[in-house]
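Asks: Take a look at the following structure, please.
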Amino acid sequence: MKFSKIRKFFKEKGYKKRIPLIVYLLILVGTAVLVSFKGGAFSYVLFFATLAYIPAAAIQIVYAFTMIRVYQEVNVRLVYKNSAVPYSVTLENAGPIPIGGLKLIRDREFTHFKKDFTGEVFKLLPGENREIETDISCRYAGSYTVGITSLSVTDIFGIASITFDIPAPLRLHVLPTVTDIAAADIGRLYEENMNISSIYKIDRKEDFPGNELKKYTPGNPLKYVHWKNYARTGEMYERMPDRQDSEMMTLVVVNEHEPTVVERDYLLEYVVSAANWFAGQSKPVKFMYWCSGVKDFLIDGYDSFNTFYFEKLKEIGRETLPDTEEKLMASLENSGGIAAIFSEKKGEISLRKDA
């Protein structure tokens, strides 16, 4: 009865895993006392044998870290948020001697396993592979490390344990769920502007020349050159493209700082929701964002929405610079018209009117 209470106390306080270390230290102190008071060859052999265990355990752990290989694989091309997909992890002993005391450690914040095997302790014979198959699901959209992130190696008596990050972790791009979280905000923009069509009108250059002329700039397309004027005067002028109204809205995605995984999850879900709303309404929208420079993408239906969702979305919110917002706003000024600004920091969308 008393023994069970003592065991329960050690378990609750977290001392249970330290018991082997405590026992080793007691033995080490005991052999040192034995050498001091009794001496003799046996006492010294016992003391140095106990003391030699420390470097021997260190060598074992370093050897295990050097010879153990960890491979992870997801057997699908696309991974969706909160959707389980087949997953496998393989442990391999590439060394000539057995290795034990191995535990796999996973990321518990972003990843969920259908079958959690991270509590198991593995032992591998020379050249042995151990493959574990289960399903994995990711809690957030975005690009981040999932699955097994580190490996714990314990010596044969469980006295010392060291955790190493695995050299090649599994990194996935997780697609967000398509929801309607942006629909209410876009509806609010309509309420703020009684003339609905004006929300979509921005000036853009058409790809055909107008009647306005300017001096030809070397390097510009020759199709804009006014050849009749050149034949008459000998001077090269080019026609300026006409500006015409287009029923299109520009939505600028601004992230003032590099978002966390949770923040980017909301950002991507919001952007996809807005893109889906415009595609469903058959209204064109141009998304402007920062990714190694100012980029934009036009969505004018579900074909372009699918391209945006599967190929371009991974670029949004991935990086930022101190002057990212200024560069986006400068590009927006050049576009002209009326645009909406989605601020990742504020988590809201607002209308911006340009002259």
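The values are calculated or read from the model by the stated rules, or taken from the named source; none is laboratory data. This structure is a prediction, so every number in the text was calculated from the model and none was measured. Using ideal geometry, Cβ is built from the backbone for each residue, glycine included, and neighbour counts are taken over all protein chains shown. These accessible areas exclude ligands, DNA and RNA; they are computed on the full protein's heavy atoms, side chains included. Shrake-Rupley method; radii C 1.70, N 1.55, O 1.52, S 1.80 Å.
Asks: Please compute the net charge surrounding residue 146, taking Lys and Arg as +1 and Asp and Glu as -1 over other residues with Cβ under 9 Å from its Cβ.
Replies: Value of the local net charge: +1.
Asks: Give the average over all directions of the projected area of the C-alpha convex hull of region 57-175, one decimal, in nm².
Replies: Taking the Cα atoms of region 57-175, their convex hull projects to 6.9 nm² on average.
Asks: If packing is taken as the average number of other Cβ atoms within 10 Å across a peptide's residues, how do 163-173, 136-146, 62-72, 31-41 rank, most packed first?
Replies: Highest to lowest by the protection proxy: 136-146, 62-72, 163-173, 31-41.
Asks: Now for a separate question. Can you give me the accessible area per residue for region 20-72, using a 1.4 Å probe, in Å²?
Replies: On a per-residue basis, 64 Å².
Asks: Carbon and sulfur together cover what percent of the accessible area of region 78-122 at a 1.4 Å probe radius?
Replies: 54 percent
Asks: Please report the spacing between the Cα centers of region 102-147 and region 33-73 in Å, no decimals.
Replies: Using only Cα atoms to place each centre, the spacing works out to 30 Å.
Asks: Enter the accessible area of residue 214 (Å², nearest 10), with the probe set to 1.4 Å and all protein chains included.
Replies: Result for residue 214: roughly 80 Å² accessible.
Asks: Right, something else. Any of 283/314; 283/312; 81/312; 228/295; 286/314 with alpha carbons more than 27 Å apart? Name them for me.
Replies: Long pairs (Cα-Cα over 27 Å): 228/295.
Asks: Could you give the length gained on full extension between residue 23 and residue 56, defined as 0.36 nm per residue of separation minus the Cα-Cα distance, in nm?
Replies: So the extension gain works out to 10.2 nm.
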